[in-house]
Amino acid sequence: MGRAVAVAALCAAAVLAAGRAAGGAGQAPASVPSLERHVVRAGETLWDIARARVGPEGDPRPLVEAIRRANGVRPGELVPGLELAVPAAPGP
């Protein structure tokens, strides 16, 4: 499992644990976004990755930010072969 995917899974688990500790016992767990693995190709940007998932009519900005936060990367830090955890594209 790639480091980024492991970090994203750990963050999701921490969010669930915090919700339960805050009195969420007995309630349905908070929705955790599904994550997909993406391997960066040469010349690819966060914008390219997000645009491919939201389509030509969608706004890639929220997904760019979600990918950045989920992986702790900045746009200029992408290198070919880097594994990213990509959250599901936000709905309309």
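The values are calculated or read from the model by the stated rules, or taken from the named source; none is laboratory data. These figures come from a predicted structure and were not determined experimentally. Counting neighbours? That spans all protein chains shown, and the Cβs are built from the backbone with ideal geometry, glycine included. Accessible surface areas use protein heavy atoms only, side chains included; no ligands, DNA or RNA. Shrake-Rupley method; radii C 1.70, N 1.55, O 1.52, S 1.80 Å.
Taking a Cβ cut-off of under 9 Å around VAL86, the surrounding Lys, Arg, Asp and Glu residues balance to a net charge of +1, with basic ones at +1 and acidic ones at -1. Phi angles across the range 48-61 convert, under the Karplus curve 6.51 cos²θ - 1.76 cosθ + 1.60 with θ = phi - 60°, into 3J(HN,Hα) values of 4, 5, 5, 4, 5, 8, 8, x, x, 8, x, 9, x, 4 Hz, Gly and Pro given as x.
Note on GLU77 and GLU36: the extension gain reaches 12.8 nm, defined as 0.36 nm multiplied by sequence separation minus the Cα-Cα distance. Would you work out what percent of the accessible area of the range 43-92, with all protein chains in place, is carbon or sulfur (probe 1.4 Å)? Percent of accessible area from carbon and sulfur atoms in the range 43-92: 56. Spin-label pair THR45-GLU57: with each label point 7 Å from Cα along the Cα-Cβ axis, the two points sit 2.4 nm from one another.
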